[in-house]
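What follows is a short report on a single structure.
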Amino acid sequence: RAGGGAGAVGAGGPAAHTCLTPAPLFSLSSRQLQAEFVAERGWGQFHQPRNLLLALVGEVGEVAELFQWRAEPEARAGLPGWAPGERVALEEELSDVLLYLVSLAQQCQVDLPRAALRKLDRNRARYPADRAHGSARKYTHYQAGPTDAQRRDGPTDTCCPQD
Ligand SMILES: Nc1ccn([C@H]2C[C@H](O)[C@@H](COP(=O)(O)OP(=O)(O)OP(=O)(O)O)O2)c(=O)n1
């Protein structure tokens with residue numbers, strides 16, 4: 001599964017996004033390259049989980065900055081109207097997010113690719129395609145009975161305060 005998940009773009013016929021590379025999201029060798037980059041600079045001393053988390057959030061802010069104040073059509077899929085330089089900037093900022101995320105996971109001893117695939121499995125189970133199709137409701141909506149938390153806290157699926 002790990003080798004044929006996100007990377008198996010062309011496996012089931014022509015891919016919608018033909019520009020995607022058929023590589024895993026972040027291979028072991030890429031993670032090692034990142035660890036080497038940090039070690040060669042003696043930056044391990046700065047890469048405590050909290051610092052990496054703050055750096056990650058900062059880079060997410062830089063991604064947000066690229067989107068802020070844009071007219072609605074420019075925020076649509078495919079980013080119509082974005083200049084080539086803006087696309088490069090987005091590539092770089094998203095990569096910074098990924099690189100800090102990878103480092104954070106490493107420092108926390110989380111095997112991120114395995115954990116992400118497991119979470120994907122959990123998401124599949126929580127959101128059965130036949131029931132969740134076309135709906136943005138929370139997974140608790142599809143569960144048979146109330147969870148312990150729901151029993152304790154009462155209903156959470158209301159959108160309006162009760163008058
Ligand atoms: N202590 C550090 C500093 C940097 N990096 C790496 C991870 C990111 O990929 C990138 C972040 O570098 P900058 O802090 O220079 O941030 P930007 O690349 O976003 O530059 P700018 O803020 O000018 O956009 O470098 C790192 O791993 N550890």
Exercise. Expressed in nm to one decimal, what extension gain is obtained for the pair Ala35 and Glu91 from 0.36 nm per residue of sequence separation less their Cα-Cα distance?
Worked result: 18.1 nm
For this session: Rank these by accessible area, largest first, 1.4 Å probe: Phe46, Phe26, Phe67.
Result: Phe46, Phe67, Phe26
Exercise. If r is the Cβ-Cβ distance from Glu72 to Arg124 and R0 is 30 Å, what FRET efficiency results, to the nearest 0.05?
Worked result: 0.40
Exercise. At a 1.4 Å probe, what is the % contribution of carbon and sulfur to the accessible area of segment 34-77?
Worked result: 62 percent
Seminar exercise, completed: Over segment 48-132, with neighbouring protein chains present, the accessible area per residue in Å² at probe 1.4 Å is 70 Å²
Problem set entry | Integer Hz, Karplus 6.51/-1.76/1.60 couplings in order for segment 37-48, x for Gly and Pro | 3, 5, 5, 4, 9, x, 9, x, 4, 8, 8, 5
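The values are calculated or read from the model by the stated rules, or taken from the named source; none is laboratory data. Worth saying up front: this structure is predicted, and the values here are computed from it rather than measured. In this analysis, Cβ positions are derived from the backbone assuming ideal geometry, glycine residues included, and neighbour counts consider all displayed protein chains. Heavy atoms of the whole protein, side chains included, go into the accessibility calculation; ligands, DNA and RNA do not. Shrake-Rupley method; radii C 1.70, N 1.55, O 1.52, S 1.80 Å.
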